[in-house]
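Student: Pasting a structure here, questions to come.
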Amino acid sequence: MNFSQEIKESILTLRIAGDLIGEDSGTQLVGAVNDAVSHKVLTCIIDISELRYINSSGIGVLITILTKFRNKGGEVYLMNPSESVKKLLVITKLNAIFQVIKSEDEAVSKK
């Protein structure tokens with residue numbers, strides 16, 4: 001897994017590519033989230049358009065990120081999931097917990 005992060009206008013954007021299978025990559029993502037939340041960032045957009053595969057540990061990482069933001073009154077948006085990831089979100093019923101968006105502008109308008 002590769003990821004990049006950017007904070008702009010109090011929005012953390014994480015771009016994840018490859019496979020999200022927890023372990024080290026999950027620790028790095030949660031570390032980036034902890035830093036952002038400590039700097040009063042309350043909105044997170046996770047661009048998962050390049051995410052090929054996610055396992056149960058990866059789902060746990062996404063839920064951890066969501067929990068950290070919501071505990072501070074913030075929100076997490078999943079942007080552009082692939083068809084396979086969309087199916088996984090439906091099967092696990094996570095589509096009812098996460099807000100799925102198509103663009104960063106959509107998250108900004110909901111802020």
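We did not get these values from a lab; they are worked out from the coordinates using the rules stated. Nothing here was measured: the structure is a model prediction, and the numbers come from that model. Here the Cβ positions follow ideal geometry from the backbone for every residue, glycine too, while neighbour counts run over all protein chains shown.
Student: Label residue 83 and residue 40 with points 7 Å out from Cα along Cα→Cβ: what is the distance between them in nm?
Tutor: 4.5 nm
Student: Which entry is the computed semi-axes √(5λ) of the Cα gyration tensor in Å for this structure: (1) 30, 22, 8; (2) 19, 16, 13; (3) 26, 14, 12?
Tutor: Here the calculated entry is (2).
Student: Under 5 Å between amide H atoms, partner at least 5 residues away or on a different chain: which partners does residue 51 have, H built in plane at 1.01 Å?
Tutor: Placed amide hydrogens put 18, 82 under 5 Å from residue 51.
Student: When a/c is below 1.5 the answer is rounded, else prolate if a/b is larger than b/c, else oblate, so apply that to the range 1-52 with a ≥ b ≥ c taken from the square roots of the Cα gyration tensor eigenvalues.
Tutor: Oblate shape, in that a/c is at least 1.5 and b/c is the bigger or equal ratio.
Student: Defining a contact as two alpha carbons under 8 Å apart and six or more residues distant in sequence, what relative contact order in percent does the range 2-110 show?
Tutor: Dividing the mean separation by the residue count of the range 2-110 yields 26 percent.
Student: In whole Hz, what ³J(HN,Hα) sequence does the range 33-46 give by Karplus (6.51, -1.76, 1.60; θ = phi - 60°), x for Gly and Pro?
Tutor: 5, 4, 4, 5, 5, 5, 9, 6, 7, 10, 10, 10, 10, 10
Student: I'd like the distance separating the alpha-carbon centroids of the range 49-111 and the range 2-26, in whole Å.
Tutor: Their Cα centres are 12 Å away from one another.
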